[in-house]
1. Select from the range 43-59 the residues that are surrounded by fewer than 19 Cβ atoms within 10 Å (Cβ to Cβ) and of a type in the set (A, V, I, L, M) and write down the one among them that is farthest from residue 157 (Cα to Cα).
2. Name the residue, out of 239, 243, 223, that is at pLDDT 95 or above, out of contact with any helix residue (DSSP H, G or I) (no Cβ under 8 Å at 6 or more places or on another chain), in a helix (DSSP H, G or I) and in the same structural domain as residue 136 (by TED's automatic domain parsing).
3. Any chance you could count how many residues in the range 226-271 are loosely packed, with under 13 Cβ neighbours inside 10 Å and among the basic types (Lys, Arg)?
4. Kindly state which helices (runs of 4 or more DSSP H) lie completely within the range 109-204 and contain at least 3 residues that are more than 19 Å from residue 77 (Cβ to Cβ) and touching an Asp or Glu at 6+ places or on another chain (Cβ under 8 Å).
5. Scan the range 85-103 and tell me whether some residue there is out of contact with any strand residue (DSSP E or B) (no Cβ under 9 Å at 6 or more places or on another chain), charged (D, E, K, R) and either buried (at least 19 other Cβ atoms within 10 Å of the Cβ) or within 22 Å of residue 230 (Cα to Cα) (or both).
6. If we scan the range 136-144, do we find a residue that is over 27 Å from residue 265 (Cβ atoms), at pLDDT 95 or above and not hydrophobic (A, V, I, L, M, F, W, C)?
7. Considering only residues that are of a type outside the set (Asp, Glu) and in a loop (DSSP other than H, G, I, E, B), look in the range 31-43 and name the one that is nearest to residue 85 (Cα to Cα).
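The values are calculated or read from the model by the stated rules, or taken from the named source; none is laboratory data. Nothing here was measured: the structure is a model prediction, and the numbers come from that model. FYI the Cβ positions are ideal-geometry reconstructions off the backbone, even for glycines, and counts take in every protein chain you see.
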Amino acid sequence: MLYKVSLVSLSDVTRPRNPASIPPLQLAVTAALDASSADRDVARAAAARHGLPFAPRRGRSLAAVAEQAGAEALLVLSPRRSALFVDGAEHPWRAGMAALRVKRLLSGERVTVDGFLDAAGLRPGDALLDATLGMGMDALVAAAAVGAGGRVVGVEASRALAALAAEGLARCELEAARRVEVVHGDAAALLGSLPARSFDVVVFDPMFRYGRAAASGFDLVRRLADPRPLAPETLARARQVARRWVVVKDGTPGWDLIRLGLQPIPSARGAKKMYARVEAEAG
């Protein structure tokens with residue numbers, strides 16, 4: 001199987017800042033227990049691509065591999081699977097509900113409303129910047145919405161999450177997954193380096209900061225992702241980078257939206273997610 005992994009390399013100005021409260025995770029790459037020689041070569045190439053050490057498996061448990069490599073976490077790769085081994089457990093990347101959302105979108109289904117797509121208002125050929133990629137679920141749906149003529153770039157400050165998402169998307173059966181460009185970097189720094197009006201839509205999703213029942217993988221994102229709230233100055237810069245608007249997602253009751261002075265888009269009663277849309281800065 002040939003993998004096309006979209007991992008964008010950035011200059012030092014766009015590499016993530018590591019807040020003192022979240023020390024960088026010592027990460028290595030390894031292969032599945034039953035990996036063939038070719039599979040090991042793929043995993044070794046992935047390690048080089050992400051700038052990470054490769055830890056040979058040699059029939060050992062993941063815990064033993066991590067200990068020998070001096071790693072706190074392992075990116076475990078097989079031909080069809082990408083997983084992160086951390087805190088003694090494996091967390092596989094899965095498209096999950098995002099795959100269902102994509103299939104509904106492509107089939108033209110209108111019964112189930114997708115709040116993200118409604119808020120983003122994406123059109124074929126659009127360019128979208130997802131400033132808080134996480135596991136890449138919304139970015140995957142966005143890639144299907146903008147089509148082959150569009151562009152989706154996802155920025156993730158956590159090297160572990162960026163690598164997991166990039167490799168997971170590369171192994172996803174959905175064609176749209178190959179169109180998501182994954183950037184390991186700090187969104188605020190990246191926005192500061194981008195030309196004005198370079199993306200149609202910019203999206204922020206800081207809701208992982210709140211502990212609540214959510215889709216599979218949410219706990220891992222909350223465990224590893226940058227916990228800093230969206231800063232007003234970052235939002236202001238995003239409005240300059242956007243051609244159309246900036247979308248901010250929050251969980252109910254919408255404390256982040258209130259803090260930023262944003263008015264949520266009306267949603268269905270009982271909705272657990274809220275969205276606000278801010279027009280791009282004129283100019």
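1. Among residues in the range 43-59 that are surrounded by fewer than 19 Cβ atoms within 10 Å (Cβ to Cβ) and of a type in the set (A, V, I, L, M), the one farthest from residue 157 (Cα to Cα) is 45.
2. So the residue among 239, 243, 223 that is at pLDDT 95 or above, out of contact with any helix residue (DSSP H, G or I) (no Cβ under 8 Å at 6 or more places or on another chain), in a helix (DSSP H, G or I) and in the same structural domain as residue 136 (by TED's automatic domain parsing) is 239.
3. Number satisfying all stated conditions: 2.
4. Values: elements: 115-120, 137-146, 159-171, 187-193.
Qualifying helices (runs of 4 or more DSSP H): 137-146.
5. Of all residues in the range 85-103, those out of contact with any strand residue (DSSP E or B) (no Cβ under 9 Å at 6 or more places or on another chain) come to 88-89, 94-103.
Next cut, charged (D, E, K, R) only: 94, 101, 103.
With the extra rule that they be either buried (at least 19 other Cβ atoms within 10 Å of the Cβ) or within 22 Å of residue 230 (Cα to Cα) (or both), the set shrinks to 101.
Yes, there is a match, as at least one residue in the range 85-103 is out of contact with any strand residue (DSSP E or B) (no Cβ under 9 Å at 6 or more places or on another chain), charged (D, E, K, R) and either buried (at least 19 other Cβ atoms within 10 Å of the Cβ) or within 22 Å of residue 230 (Cα to Cα) (or both).
6. At the first step, the residues of the range 136-144 found to be over 27 Å from residue 265 (Cβ atoms) are none.
No, every residue in the range 136-144 fails to be over 27 Å from residue 265 (Cβ atoms), at pLDDT 95 or above and not hydrophobic (A, V, I, L, M, F, W, C).
7. Of the range 31-43, the ones of a type outside the set (Asp, Glu) are 31-33, 35-38, 40, 42-43.
Next, from what is left, pick out any that are in a loop (DSSP other than H, G, I, E, B): 32-33, 35-36.
On the way: 32: 11, 33: 13, 35: 17, 36: 20 Å.
This residue is 32.
Conditions tested, residue by residue: (1) touching a helix residue (DSSP H, G or I) at 6+ places or on another chain (Cβ under 8 Å); (2) closer than 20 Å to residue 170 by Cα; (3) part of a strand (DSSP E or B); (4) not aliphatic (A, V, I, L, M).
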| residue | (1), (2), (3), (4) |
| --- | --- |
| 29 | yes, yes, yes, no |
| 45 | no, yes, no, no |
| 48 | no, yes, no, no |
| 52 | yes, yes, no, no |
| 56 | yes, no, no, yes |
| 60 | yes, no, no, yes |
| 63 | no, no, no, no |
| 66 | no, no, no, no |
| 74 | yes, yes, yes, no |
